[in-house]
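Visitor: So that we are looking at the same thing, I have put the structure below in structure tokens.
Nothing in this text is a laboratory measurement; each read-out follows from the coordinates by a stated rule. Here the structure is a predicted model, which is why all the values come from computation and not from measurement. Neighbour counts are summed over all protein chains in view; Cβ atoms, including those assigned to glycine, are modelled from backbone coordinates with ideal geometry.
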2 protein chains.
Amino acid sequence: MNKFPVLEIFGPTIQGEGMVVGRKTMFVRTAGCDYSCSWCDSAFTWDGSAKDEIQKLTAPEIINALDQRGGDYFDHVTISGGNPALLKNLNELIDSLHEKGCEVALETQGSKWQAWFLTIDDLTISPKPPSSKMSTNWDVLDRIIAKLEEAGRTTHTSLKVVIFNDEDLEYAKQVHKRYPNLAFYVQVGNEALDESDDQNLALHLLDQYEWLIDRVMHSSDLNHVRVLPQVHALLWGNRRGV
Amino acid sequence: MNKFPVLEIFGPTIQGEGMVVGRKTMFVRTAGCDYSCSWCDSAFTWDGSAKDEIQKLTAPEIINALDQRGGDYFDHVTISGGNPALLKNLNELIDSLHEKGCEVALETQGSKWQAWFLTIDDLTISPKPPSSKMSTNWDVLDRIIAKLEEAGRTTHTSLKVVIFNDEDLEYAKQVHKRYPNLAFYVQVGNEALDESDDQNLALHLLDQYEWLIDRVMHSSDLNHVRVLPQVHALLWGNRRGV
Ligand code: SF4
Ligand code: SF4
């Protein structure tokens, strides 16, 4: 049986972002990423700083940990990273969660295809804008999205772009134009990862959110979009595991 | 041609609540309500205080006002109130919006059926909990929801309950249990309608939101729900027209 590198299992809490924002969910955070975004808010999953916390767990072990923490209080699990799309055999976990009656959400930047994408209930593909210092491989992304569309997964898939500045917003427009059939979300980035005062952070994020709303409202290229806050950071600041 | 009592037309802004939270939209607010909720945040639509601002407009006149304000910057319109379900001929507006390529969202408390419910893209039914001092007519609500389900409108419909206290939360559980097939949203109520300091209000609403999340997380009757903040009040306080 395959083992997966797991950094955190927590919840129940709410999904703070994207297509099922507000949904009661448990989180499983996997270690490892093929990117190194300049503003990554979970750099501990790939920069070595938390490597002693990584547990190698099988699907039944992960489900056991979820049950211990979540009891009867969940029917939805979010797999995040890092980039969980690096894990070829993750279908073992996803299938087991489905068998147990759980819906499964997963977020990835869209740098790598996995056949099990077709089984995810809420798949968020989050290509990274210029401020991340990463560059998008459009061929790979085109192929991922074509496969999802061909398989009729459109309603189970969404695109999300995190926006820090005007250049990022231009990138978001490009993504939305390229894949007009997918639900499209934009979200303000949190560049205050060192802010330890939760109230200051919340007020700052609301200001940024208002800025982004204003920009989107004045763009006719971005009519069919949803603009969301980062709910977790608004509520719980820069803490982990909430 | 029928005329509709309109109190506000504004936008583009984002939808601040419910099933399409964050969606770029225009708002049309109609006057008149058959309820008088104790904490109504749009009491000016029915308490007479804004009666001089009510305009009687035909569907083309409303669309003209939307175009003047929103230009090319929208493809979604939210009709709110008051209770827009009091307006029997509102299909004239809804159909014209669809013809022009707009999606239409509408919110009502579920006290009255209209055949045009079946044409709304995002219909939010928001029955009012005990703290409102209103009482739900379950027969009427049962019939409304049965008709929507029979017509296959489940994915276009959601239920939303605003929660001020534990009694309201019990009511929410009852609603969710009675209509398990509909997407279910809970939202914290804003009882600080007199707060004029936007930052104080935002921090207070985040506290309340955290309280509600905590309650929902610890209830196995509320697993399949989404808990949302009141985005408009977080951003813009108690102001009208944003
Ligand atoms: S893709 Fe995600 S996890 Fe990886 S570096 Fe970028 S933000 Fe961090
Ligand atoms: S149903 Fe809505 S508009 Fe009518 S009184 Fe209640 S909160 Fe106000």
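Visitor: Spit out the partnerless Cys residues in the protein assembly as shown, using Cβ distances under 4.7 Å as the pairing rule.
Guide: That list is A:CYS33, A:CYS102, B:CYS33, B:CYS102.
Visitor: For peptide B:220-227, compute the average count of partner chain beta-carbon atoms within 10 Å of each residue's beta-carbon.
Guide: Across B:220-227, the average partner-chain Cβ count within 10 Å equals 6.
Visitor: Right, another one. Provide the FRET efficiency to the nearest 0.05 for the A:SER96-B:ASP72 pair, computing r from the beta carbons and using R0 = 41 Å.
Guide: 0.25
Visitor: Here's another thing I want to ask about it. Could you work out how far apart the two model spin labels at A:GLU167 and B:ASP197 are, taking each label as a point 7 Å from the Cα in the direction of the beta carbon, and quote it in nm?
Guide: Result for the modelled spin labels: 3.9 nm.
Visitor: Starting from a Cα-only point model with no solvent, please compute log10 I(q)/I(0) by Debye for chain B at q = 0.13 1/Å.
Guide: -0.79
Visitor: Turning to a different aspect of this structure: Given label points at 7 Å from Cα along Cα→Cβ, what nm distances, shortest first, separate A:LYS147 from the same residue in every other copy?
Guide: Result for A:LYS147, in nm, nearest copy first: 4.6.
Visitor: While we're on this one: I'd like the mean, over residues of B:68-80, of how many other protein chain beta carbons sit within 10 Å of each residue's own Cβ.
Guide: Taking the mean over all residues of the peptide, I get 2.
Visitor: Run the count for region A:1-124, please: Lys pairs, Cα-Cα under 25 angstrom, 8 or more apart or on different chains.
Guide: Value for region A:1-124: 13.
Visitor: Given Cα positions, please report Rg to Rh for the protein assembly as shown, the hydrodynamic radius being the Kirkwood one. Could the numbers behind the result be given before it?
Guide: Numbers: Rg = 22.3 Å, Rh = 23.3 Å.
Reported Rg/Rh (Cα atoms, Kirkwood Rh): 0.96.
Visitor: Also, I was wondering about something else. Can you classify region B:17-152 as rounded, prolate or oblate using the Cα gyration tensor, where a ≥ b ≥ c are the square roots of its eigenvalues, rounded means a/c under 1.5, and otherwise it's prolate if a/b beats b/c and oblate if not?
Guide: Working: a/c = 1.78, a/b = 1.24, b/c = 1.44.
Oblate shape, in that a/c is at least 1.5 and b/c is the bigger or equal ratio.
Visitor: Tell me the relative contact order for chain B as a rounded percent, counting alpha carbon contacts under 8 Å between residues six or more apart.
Guide: With pairs under 8 Å counted, the relative contact order is 18 percent.
Visitor: In a shell of Cβ-Cβ distance under 13 Å around A:ARG153, excluding A:ARG153 itself, what net charge do Lys and Arg (+1) and Asp and Glu (-1) give?
Guide: -3
Visitor: With n ≥ 4 as the cut-off for DSSP H runs, can you work out [θ] at 222 nm for chain A, using -39500 (n - 2.57) per run divided by the number of residues, rounded to the nearest 500?
Guide: -9500 deg cm²/dmol
Visitor: To continue, here is another question. Can you tally the net charge around A:TRP116? Count Lys and Arg as +1, Asp and Glu as -1, for every other residue whose Cβ sits under 13 Å from the Cβ of A:TRP116.
Guide: Local net charge: +1.
Visitor: Further, regarding this structure: Hey, if you put +1 on the Cβ of every Lys and Arg and -1 on every Asp and Glu Cβ in chain B, which of B:PRO127, B:LEU228, B:ASN89 ends up farthest toward the positive end of that dipole?
Guide: Value: B:ASN89.
Visitor: What is the mean number of Cβ atoms from other protein chains located within 10 Å of the Cβ atom of each residue in peptide A:9-22, rounded to a whole number?
Guide: 3
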